[in-house]
Amino acid sequence: MAIHADNRDDLRLFQTGQHACGYWPDRLARDLVLDPHDPRLGSIYPQALAWGFRRSGDLVYRPHCEHCNACVPVRIPVAAFQPDRSQRRCLARNAALSCRIVAAQRTDEQFALYTRYLRSRHRGGGMDDHGVHEFDQFLIGAWSHGRFLEIREPAPPGHGGRLLAVAVTDMTERALSAVYTFYDPAEAARGLGTLAILRQIEWARRDGLAHVYLGYWIRGHAKMDYKRRFRGLEAYDGRQWRDFADACDAGLSPPQDAPTA
């Protein structure tokens, strides 16, 4: 298959073989993957986001399973977003925390937090033994334009407060993409995952960006259902972005053909 990337050449699109689904242990999955060796990946990535693709390390992929279409790309239109009551409480509860945007470069402090998070949230899932190489490969990659949004406890002037969460965020000219968030599992009651998205929305609004991409909402999966609570959410049905509620009412049955431009 090929996506028409420009008038000179096509960007090749591969279909993977079946592999274990990362969300449903009793299912097999397949993905569509943009050619990982194509030097234009960095420049085509913003359009790939608009086609429902996502980045993991240097791979840009979209689920393409034969008998399942539960993974639905979703994004937040920044200008129209207003937090609901629960999200406002999350902001108030964490008002004293500081946020800063830093380069996407691993630090010992970030890696220690990442390790604690994986051992708590993904024990036995294949990620809990990640080392520094896997951290760099998965979260930073070779060509992405990413930043780390750090969330910290307050501290005296001149001192950095304790690191509570890191939101790995890709930047494009028109949008942010929430790649992955990890946080202190002992602070789960703070709602740091929700807080990270709210701060990414504020970041996008401040920079005049149109959307924050949240990856995939997965029908029937409790850990992914939080995404639908962000007001104004849009879903990609395989051809166009639609209001999430309207898309759900229509059954969210994306066609399985490759996108073209």
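What follows draws every value from the coordinates through simple rules; no lab data is involved. It should be emphasised that the depicted structure is a prediction, and the values quoted were computed from it without experimental measurement. When we count neighbours, we look across all protein chains shown, and the Cβ atoms used for this are built from the backbone with ideal geometry, even at glycine.
Some points to look at:
- For the chain, size of Cβ-based charge dipole, Lys and Arg +1, Asp and Glu -1, in debye: 1000
- The range 98-230 shape via C-alpha gyration tensor axes, a/c threshold 1.5: rounded
- Counted residue by residue at 0.36 nm each, then reduced by the alpha carbon distance between them, the extension gain from residue 103 to residue 26 reaches 23.9 nm.
- Summary: within the chain, the longest segment free of GluC sites (Glu not before Pro) located in DSSP loops with at most 16 other C-beta atoms within 10 Å is 67-172.
- Karplus-derived HN-Hα couplings along the range 48-56 (A = 6.51, B = -1.76, C = 1.60, θ = phi - 60°), whole Hz, x at Gly and Pro: 4, 4, 5, 8, x, 8, 8, 9, 9
- Simple label model, 7 Å out from Cα along Cβ direction - residue 89 to residue 188, nm: 1.8
- Based on the convex hull around the alpha carbon atoms, the chain presents an average projected area of 14.5 nm².
- Where labels lie 7 Å past Cα in the beta-carbon direction, separation of residue 19 and residue 56 in nm: 0.5
- The stretch between residue 226 and residue 142 holds 27.2 nm of extra length on full extension. This uses 0.36 nm per residue minus the Cα-Cα distance.
- Dipole of the chain [Lys/Arg +1, Asp/Glu -1 at C-beta], most positive-end residue of 141, 28, 214: 214
- Between the beta carbons of residue 155 and residue 119, assuming R0 = 22 Å, the FRET efficiency works out to 0.25 to the nearest 0.05.
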